[in-house]
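Please treat every number below as a calculation from the coordinates, not as lab data. In this text, all values refer to a predicted model and were calculated from it rather than measured experimentally. Here the Cβ is made from the backbone with ideal geometry for all residues, glycine too, and neighbour counts use every protein chain on show.
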Amino acid sequence: MLRASFPTYDVVIPSHNRAHVVGDAVASVLAQSRPASRIVVVDDASDDDGVDVIRSLARAHPSVVPLALPRNGGASAARNAGIAACGAEWTAFLDSDDLWLPDAAAALLGAGERDDLDVVVGDFARVERNGAVGPRERGWDGGDIRAALRERNVLGTSWSIVRRRTVHAAGGWDPSFRTCEDWRFFVDVAATGARFGRMDALVAHYRTAAGERLIADDADLAAGRLRMLAHPYLMADEPALTI
């Protein structure tokens, strides 16, 4: 049964050299039909004027919390810094070049509370350089989460939300991963016994060419994949908990 009050949530947005797009990501959270408690925007030692942009957003919007890291530590370290500033029941990790649709939080959290989930995943659509929106996509079909994660990272940070206690139970994000870091995070979360569920709603636009992205060579990606496949959770045989 749904509780009377709507659950609280924070959004963590890591940003590195995304001064030209991070404001769009923040605006998409500010436009939610259910407002966030905090929008923690972490500048990961950008070379552009990202810090100034983020501080300007914070001056204009009280819910925006600006953080500036003194040195670049990667997306995982930036997200961990953001987690430390969060206090709501749920935490979302929106990439700085992606966008939430206006009812994303209401849809994700409604499903989480209704079905007593720890991780809720929605659908997304790609937005190309020319602004064209592609068809609705889903990385995970709602089946066995361990089997799915053995193949690849089937979940996306920008179209999911996680209970804060579950984030902490998983130990946050592993900063030693510069590739496959989101895959590692969701495997660590699954290893805690978290309950995953998917919902049938489009919640995010994944902008594929909005700004600079980390380009990893084949060797880095292969090494990251090997590290992931050696994770004890993925090597176990017992069925995972999904609903």
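Can you tell me the length gained on complete extension of the stretch T192 to F6, counting 0.36 nm per residue apart and subtracting the Cα distance?
Gain in length upon complete extension: 64.4 nm.
Note the full-extension length gain between R129 and R114 as 0.36 nm times their separation in residues minus their Cα-Cα distance, in nm to one decimal.
Going from the current span to full extension adds 1.7 nm.
Find the relative contact order for the chain and round it to a whole percent, using C-alpha pairs within less than 8 Å whose residues are 6+ positions apart.
After rounding, I find 23 percent.
Could you check which residue among S176, S37, S76 shows the biggest mean-square fluctuation in a GNM of the chain with a 10 Å Cα cutoff?
S176
For the range 9-111, what are Rg and Dmax over the alpha carbons, in angstrom?
Computed over the Cα atoms of the range 9-111, radius of gyration and Dmax are 12.5, 39 Å.
What number, in nm² with one decimal, is the all-direction average of the projected area of the convex hull of the alpha-carbon atoms of the range 68-156?
Working: hull surface 32.6 nm².
Its Cα hull, projected and averaged over all orientations, spans 8.1 nm².
So between S33 and L226, what do we pick up on full extension, going 0.36 nm a residue minus the alpha carbon distance?
Answer, rounded to one decimal: 65.4 nm.
Would you calculate the separation in nanometres between label points at E137 and E89, each defined as 7 Å from the Cα along the Cα-to-beta-carbon direction?
Here the modelled spin labels are 3.2 nm apart.
Using Stokes-Einstein with the Kirkwood hydrodynamic radius over Cα pairs, what translational diffusion coefficient do you get for the chain at 37 °C and a viscosity of 0.692 mPa s, in µm²/s rounded to a whole number?
182
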